[in-house]
1. Quick one: compute the contact order of region 191-265, relative version, from alpha carbon pairs under 8 angstrom and 6+ residues apart, as a percent.
2. State whether region 75-200 is rounded, prolate or oblate according to the following rule on the C-alpha gyration tensor (a ≥ b ≥ c being the square roots of its eigenvalues): a/c under 1.5 gives rounded; otherwise a/b larger than b/c gives prolate, and the remaining case gives oblate.
3. Report the residues of region 209-241 in range of a label on residue 183: point 7 Å along Cα→C-beta, backbone N strictly under 18 Å from it.
4. May I ask for log10 I(q)/I(0) of region 169-305 at q = 0.11, 0.18, 0.20 Å⁻¹, from a Debye sum over the Cα atoms as equal point scatterers with solvent left out?
5. What residues have an amide H closer than 5 Å to that of residue 131, excluding those fewer than 5 places away on the same chain, when H is modeled at 1.01 Å from N in the peptide plane?
6. May I ask which residue of 112, 138, 188 lies farthest towards the positive end of the charge dipole of region 88-205, with charges of +1 (Lys, Arg) and -1 (Asp, Glu) on Cβ and the Cα centre as origin?
7. Only loop residues by DSSP count here, and only those with at most 15 other Cβ atoms within 10 Å; note down the GluC sites (Glu not before Pro) in region 89-130 that meet that.
8. Does region 259-327 come out rounded, prolate or oblate, given a ≥ b ≥ c as the square roots of the eigenvalues of its C-alpha gyration tensor, rounded meaning a/c under 1.5 and, failing that, prolate meaning a/b above b/c?
Amino acid sequence: MLVFLYLFAVRLKFHFYEAPVQNTYQRDIPQPSDTLGETLYSLRLNGLVYACSELSAPWGIEMPPMQGKMMFHIVTQGSCLLISPNHAEVLLKPGDLVLLPKGEGHQICSDTEIHCQPFFDIPVSKVSDRFEFMNYGGGGEQTLLTCGVLSFDHIIGKKLVSQLPPLIHMRSDNGQLPSSLQALAQLMADEATNLAAGGETVVAHLADIIVIKAIRHWIEHSPDGSKGWLGALKDPKIGKALAAMHAHPESSWTIDRLAEQAGMSRSGFSARFTEVVGTSAKQYLTEWRMSLARMKVMQSPVPLMDLAEELGYQSEAAFSRAYKRVFGVSPLRPARAEATEQVPR
């Protein structure tokens, strides 16, 4: 009996150490496909200026139009009115976030009867090239604002902004502003006020996250967020083709291959893509590739032949022609200056 138990124990030990272990967790976890998230990331938002403002009533500020830019305002204390030419007055309360994706000119003021001073005429304390403090007003009730002006990639940004309304107002008092977004807005306001070591970098990254989350929230909750290009990103079929082009722009994509990705016939896919996205799949792929090329050219010098091969072009000449068709300039033209673009002060 003892021998039998010993042999059983040895066999059990051998089985325990030698049997292959299958990692069912890795096998069963689905690989997420977030076409919308990847596209929002591809905006490559660049903060041009951030301002932390202490405003005391009466006060009024005239913000000029900034075409091709996004502007945002976050109220952390007090209240104010935002007035734009094409929209009714918007009352902003503590915790509110307002985003102006198209960079429309507008007024922010403590009262509609107040004369608004042009933004660039108001003295500020410059902390750095991109960061400033403003203390302005008549000494009355105080309002604290954190504001920013952002630029974005031209091709992808233009597609997105064309789908967004001129003004997105997310209120904190009726659940429109998610708690996570409120926490991020408060954290950015704290960083902007204190600006400890590395604070400017923290604020810049927080601003990117806040703006992207605000856009995502609008897309998910607005009926217009399921139309056009935005709708295509969420479309269960066209979205798969977009995700494939975004993930592997270097691949030799054809209409047949993209239709296969979407699970559609060639003719059905081609017609549906153009109808939903507003351009042909071939043109969209070219614009996507060139937007990636532009980012790389702006970041650092890149040999054009290497860039052409990376994006699926057989020759430098073919790549250069495609780049010029999209942007109107040669990729040899220095573009990194755009990355340091600033709002004049």
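What follows draws every value from the coordinates through simple rules; no lab data is involved. For clarity, every value in this text was computed on a predicted model and none was experimentally measured. All Cβ positions, glycine included, derive from the backbone under ideal geometry; neighbour counts span all protein chains shown.
1. Numbers: 38 pairs, mean separation 13.3, N = 75.
Once divided by the residue count of region 191-265, the mean separation gives 18 percent.
2. Since a/c stays below 1.5, the shape of region 75-200 is classed as rounded.
3. 209-214, 217
4. -0.61, -1.02, -1.09
5. Answer set, sorted by chain and number: 50.
6. Comparing the listed Cα positions along the dipole, 188 ranks first.
7. Numbers: sites: 89, 104, 113; in loops: 89, 104, 113.
The qualifying sites are 89, 113.
8. Working: a/c = 2.69, a/b = 2.28, b/c = 1.18.
Here region 259-327 falls in the prolate category.
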